[in-house]
Structures are given as structure tokens and as C-alpha cells.
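The values are calculated or read from the model by the stated rules, or taken from the named source; none is laboratory data. Predicted, not measured: the structure shown is a model, and the values here were computed from it. Don't worry about glycine lacking a Cβ; one is built from the backbone with ideal geometry, like all the others, and counts go over all protein chains shown. For accessibility, only protein heavy atoms count, side chains too; no ligands or nucleic acids. Shrake-Rupley method; radii C 1.70, N 1.55, O 1.52, S 1.80 Å.
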Amino acid sequence: MNEHLHRLKYLVIIGAVVAVYFFATTSDLVQGYLATPGALRAFILNFGILAPIGIIILQTFQTTLSLIPSQITTIVAGFIFGPWLGLLYSLIGSFFGSAFVFFISRKYGKDLALKIFNKKEIVHFHLLFRQRKNWGLFLARVAPIFPNDLVSFGAGLTTISFRNFNIISTIGFMIQMTILTRFGSEL
């Protein structure tokens, strides 16, 4: 990312963490839910259809703009909805978010990439996808260490078809998210 956006991203993250910490430590309501995770799950599920829609939107946003690791939202989905529904909702959100970033990358290309990401990051993924092709994309999706937005944007700068991108990304996400939602459901 360029230096200004890089700093802004970290300031937003730090501000959000401080706000959540302050709210969590001073709110009796939050303290009660944190003390009884089952009550928190029941509270969220009381929102009915809005609960899964909320996690799908959260996962879509998280895949589009990686402010916090998407693995956290996937674990939360597993905790709230169980391993299968949590996986389904996480996959739907990740699919939409990744497709959106891929389309943006295809439309605006390298010029936008260099404004958002560090040139070294873009070159890294370009070389990975050029050398390893589809296998590189699959490995980037399975490994939880690569930001989803950067992987999707980097893939959009290659010649991979939208169809292949979605198939490979979904399979890679499925492997990673199966483990994470299972973990979340066991909490």
C-alpha cells in the first residue's frame, strides 16, 4: 500500500481496537455476554434471518478490505451457526467479496493496484501466479497468511478467467474455512 493508506489502515485498526476494548470493559451488557458465550450466541440468533445476512455481509466486507484477519469472522461464524452453516455463510461472503475485488482489479488494473498496495506485494503475487498459475492461487487461498483482498486483486491482474478464479478460490477457502468453522463450533 502507499504510505498514506498504510498508515490510515493501521490508525483505523488501532482506533477500532481501542473503542471495542473500552466498550467491552465498561459495558455490563457486554461483560454479561462474554461471561456466558451461549447467551451471546442465543442473542445473535434471535435476529432471525438478519443473523446469517449479517455474517455474510461481514465476511464480504472482510474479504474486500482486510482490516482484521478474515479467519476471525470465520471462527465467529462457526461459533454462532455451527460448522456447516458457518461454513456456508462464510463461503458465500468470501465468494462475493473476492469476486468484487477481482472485477475491480480487471477494470482498473495495475494503476489502482499501485495506489492501494505496496509495489513489492503486487510483484510478489504476480510472480507467484505467473510461475505457479492456478496452483499458486489455490495455495494462497488455503494458507491463512495472505490478505484476501491482495490475492484477489493480484489474480485480477493475470489472465486467469473469472470462472477458474471462483472455482479455485472457493475450493481453497473451503479447506481453510472448514477447519476454522469447526474450531469455532467447538468453542
query = If we scan the stretch 135-151, do we find a residue that is within 30 Å of Phe43 (Cβ to Cβ) and of a type outside the set (D, E, K, R)?
reply = yes
The listed residue being part of a helix (DSSP H, G or I), farther than 20 Å from Phe138 by Cβ, in contact with a Phe, Trp or Tyr (Cβ under 8 Å, 6 or more places away or on another chain) and open to solvent by less than 20 Å² (accessible area, probe 1.4 Å), out of Gly97, Gly78 = Gly78
query = What is the number of the single condition among (1) free of Cβ contacts under 8 Å to residues at least 40 places away in the same chain; (2) aromatic (Phe, Trp, Tyr); (3) out of contact with any helix residue (DSSP H, G or I) (no Cβ under 6 Å at 6 or more places or on another chain) that Phe162 does not meet?
reply = (1)
query = For Thr63, are the conditions met, namely being at pLDDT below 90, out of contact with any His (no Cβ under 7 Å at 6 or more places or on another chain), closer than 18 Å to Met174 by Cβ and assigned to a helix (DSSP H, G or I)?
reply = yes
key: Set Ile72, Ile57: member being open to solvent by 60 Å² or more (accessible area, probe 1.4 Å), over 28 Å from Thr158 (Cα atoms) and modelled with pLDDT of 85 or more   = Ile72
request  = With the condition kept exactly as written, say whether any residue in the stretch 113-131 is modelled with pLDDT of 90 or more and in contact with a Ser or Thr (Cβ under 6 Å, 6 or more places away or on another chain).
outcome  = no
ask   = List, please: which pairs have Cβ atoms under 9 Å, are six or more places apart or on different chains, and start with a residue in the stretch 66-86 that is on the phi > 0 side of the Ramachandran plot and basic (Lys, Arg) and end with one that is modelled with pLDDT under 90 and open to solvent by 30 Å² or more (accessible area, probe 1.4 Å)?
value = none
remark   = Of the residues in the stretch 100-115, those that are within 30 Å of Pro52 (Cβ to Cβ) and either under 18 Å from the mean Cα position of the chain (by Cα) or open to solvent by less than 20 Å² (accessible area, probe 1.4 Å) (or both) come to Phe100, Val101, Phe102, Phe103, Ile104, Ser105
note = Scanning the stretch 142-165 for residues that are under 20 Å from the mean Cα position of the chain (by Cα), of a type outside the set (Gly, Ala, Ser) and part of a loop (DSSP other than H, G, I, E, B) gives Pro144, Ile145, Phe146, Pro147, Leu157
query = Going through the stretch 164-187 one residue at a time, which ones are touching a Leu at 6+ places or on another chain (Cβ under 7 Å) and open to solvent by 20 Å² or more (accessible area, probe 1.4 Å)?
reply = Ile168, Thr170, Met174, Thr178
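So that you can scan it fast, the table gives a plain yes or no per residue for (1) assigned to a helix (DSSP H, G or I); (2) in contact with a Phe, Trp or Tyr (Cβ under 9 Å, 6 or more places away or on another chain); (3) without any contact (Cβ under 8 Å) to a residue 24 or more places away in the chain; (4) within 23 Å of Ile49 (Cα to Cα):
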residue: Ile92; (1), (2), (3), (4): yes, no, no, yes
residue: His126; (1), (2), (3), (4): yes, no, no, no
residue: Ala140; (1), (2), (3), (4): yes, yes, no, no
residue: Ile179; (1), (2), (3), (4): yes, no, yes, no
